[in-house]
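One structure below.
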Amino acid sequence: MTTSTSSPAALPTDPRPVIERAVATAGAVISGVRPDQLTNPTPCTEMDVRTMLTHLVAVLDRVAALGNGQDPFAVPVPVVGDDRWIDAWRESGKRATEAWSDDNVLRQPMALPWIQGSGADILASYLSEFTVHTWDLAAATGQQPDWDDTVIAAALQMSHRILPTANRRALYEQISAAMGLDEVAVPFADAVAVADEAPAIVRLVAWNGRDPHW
């Protein structure tokens with residue numbers, strides 16, 4: 001068994017359609033979460049299903065904030081009733097789509113603690129987080145999503161760009177220091193070894209430190 005380091009297809013110059021497809025896949029999984037599953041554990045060990053849902057909506061709100069030229073880390077944690085998760089997801093998705101509707105936003109320089117580049121680069125960097133957390137949610141609730149090959153390929157590309165193979169705690173220590181945080185969170189552990197011929201979604205979650213057999 002080896003850790004795959006092959007490069008997927010190049011990222012699109014306009015990542016908005018690919019982001020929309022990732023958001024749609026996440027929405028399908030969110031729609032499939034039953035009320036009795038909200039306290040289930042997830043492969044992201046610090047989050048149960050309800051906490052993961054909250055995090056996903058918050059990340060989509062941060063994407064909207066970035067498109068609007070706002071501080072994504074100033075976005076408040078959403079408070080969502082347990083009967084409104086898919087509604088909250090769709091509402092956040094609409095705000096994000098509107099925020100990034102102007103082509104000029106894609107060309108604006110932007111920066112996050114873990115990546116700098118154009119708006120297009122920053123937007124594409126969220127493909128991996130959306131997709132890996134969608135897998136987390138699906139694994140925790142026994143769902144088998146219809147994964148989008150284009151989304152997975154782009155997410156793999158960004159994961160390889162942003163995350164080193166190992167010693168990721170050092171990376172997150174730097175990120176936490178840059179953000180002025182006292183505690184260091186490591187949301188993505190070191191890469192897990194999988195076969196090069198493993199399905200793309202397996203290689204993606206493994207690169208992001210998840211056990212594909214969770």
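Here are the numbers for this structure:
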quantity: Convex hull volume of segment 103-149 per residue (C-alpha atoms, cubic angstrom); calculated: 90 Å³
quantity: Hull volume in cubic angstrom per residue (convex hull over the Cα atoms of segment 100-187); calculated: 132 Å³
quantity: Surface accessible to a 1.4 Å probe, per residue, for the residues of segment 97-214, Å²; calculated: 47 Å²
quantity: Distance from segment 78-99 to segment 157-214 (C-alpha centre basis), Å; calculated: 27 Å
quantity: Gyration tensor (alpha-carbon) shape descriptor, the chain, a/c threshold 1.5; calculated: rounded
quantity: Solvent-accessible surface (1.4 angstrom probe) belonging to Val75, in square angstrom, nearest 10; calculated: 40 Å²
quantity: For the chain: relative contact order, % (alpha-carbon pairs under 8 angstrom, 6 or more apart); calculated: 29 percent
quantity: Accessible surface, 1.4 Å probe, highest first, among residues Thr131, Thr45; calculated: Thr45, Thr131
quantity: Of all accessible heavy-atom area on segment 1-153, the percent that carbon and sulfur account for (1.4 Å); calculated: 49 percent
quantity: Structure-based [θ]222 nm, the chain - -39500 (n - 2.57) summed over DSSP H runs of at least 4, per residue, nearest 500; calculated: -16000 deg cm²/dmol
quantity: Size of electric dipole in segment 43-125: Cβ of Lys, Arg +1 and of Asp, Glu -1, about Cα centre, debye, nearest 20; calculated: 80 debye
quantity: Accessible surface, 1.4 Å probe, highest first, among residues Met110, Met179; calculated: Met179, Met110
quantity: Shape metrics for segment 31-103, restricted to C-alpha atoms - Rg then Dmax, Å; calculated: 13.3, 42
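The values are calculated or read from the model by the stated rules, or taken from the named source; none is laboratory data. Model, not experiment: these values are computed from the prediction. A quick note on method: Cβ atoms are made from the backbone with ideal geometry, for glycine too, and the neighbour counts reach across all protein chains shown. Side chains are part of the model used for accessible areas, which takes the heavy atoms of the whole protein and leaves out ligands, DNA and RNA. Shrake-Rupley method; radii C 1.70, N 1.55, O 1.52, S 1.80 Å.
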